[in-house]
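What follows is a single structure, written as structure tokens, with notes after it.
Every number here is computed from the coordinates shown, using simple stated rules; none is lab data. Model, not experiment: these values are computed from the prediction. Methodologically, a virtual Cβ is constructed for each residue, glycine included, from the backbone with ideal geometry; neighbour enumeration extends over all protein chains shown.
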Amino acid sequence: MSNNNLGSGRGGASPYDDDTSSTTSSAGSPIPDFNASNIQLSTVAPAFGISSSAAAASGLQTRQPDYLDYDQKGRGIFSIMCTNSGISYLVGVTIGGLYGLKEGLARTPSSRWKVKLNSVLNHCGRHGSGLGNMMGASAIMYSLYEGVADSFELDAYTGPIQPPAPLFAGMMTGATYYMRAGPRVAALAGTIGLGAVGGTFALYSVLGIPYGSKGWLFF
């Protein structure tokens, strides 16, 4: 049987009928919108080689980046207090523990291993916890006093004495910690605290170290 008979057996349909029907069916689909009037070239200018100055000269408005809000005064009192007290407690526990290790080895009543270990643990726990608690409590009081001085803007009333907040905090921390021992002892402790902060500031000034660069208490 010839190819013509095969074509007539299908009702004389042309081999191009399928293409014609597909073209006809797709003619009703919507044509996509290629309107680019809403595109801001200033946001994609580097991708097309357009500099920001050229975009500004052509009248395109450059979109400014968004920034997060920043606290001009720095960290809050609670955050500073947690940092100072945590570091102070760790430093106190470490120093007290090392001193307790020395005392435990020197004052052990026996050379037996168990007795010596018990003596070391007792001295480390007593001296470490005592010094750590003392330094942690002092750091909390210092942070609170420094926060109060900053809140009342004490630097606006002290003139050339700057910064006054750490000096005030050091003095008040010493006086408050020893206030139960009497006014004379409290005044002496406050003077020592004031001198410690002032001496640190003077030493940092001589060495060229930014004051407060360590982020801990008045260091």
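One table, with the values for the structure above:
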quantity: Residue-span extension gain [residue 181 to residue 115] - 0.36 nm each, minus C-alpha spacing; calculated: 20.0 nm
quantity: Full-extension gain in nm, residue 129 to residue 107, via 0.36 nm per residue minus C-alpha separation; calculated: 6.0 nm
quantity: Charge sum, other residues only, whose C-beta stays under 15 Å from residue 164's C-beta, Lys/Arg counted +1 and Asp/Glu -1; calculated: -4
quantity: Net dipole in debye of segment 77-207 [+1 Lys, Arg Cβ; -1 Asp, Glu Cβ; about Cα centre; nearest 20]; calculated: 1060
quantity: Exposure proxy ranking, count of Cβ atoms within 10 Å, fewest first, for 211, 157, 89; calculated: 157, 211, 89
quantity: Shape category assigned to segment 61-219 from the gyration tensor of Cα positions, a/c cut at 1.5; calculated: prolate
quantity: Least to most buried among 209, 140 (fewest other Cβ within 10 Å first); calculated: 209, 140
quantity: Gain in span if fully extended, residue 161 to residue 94, counting 0.36 nm per residue against the direct Cα distance; calculated: 20.7 nm
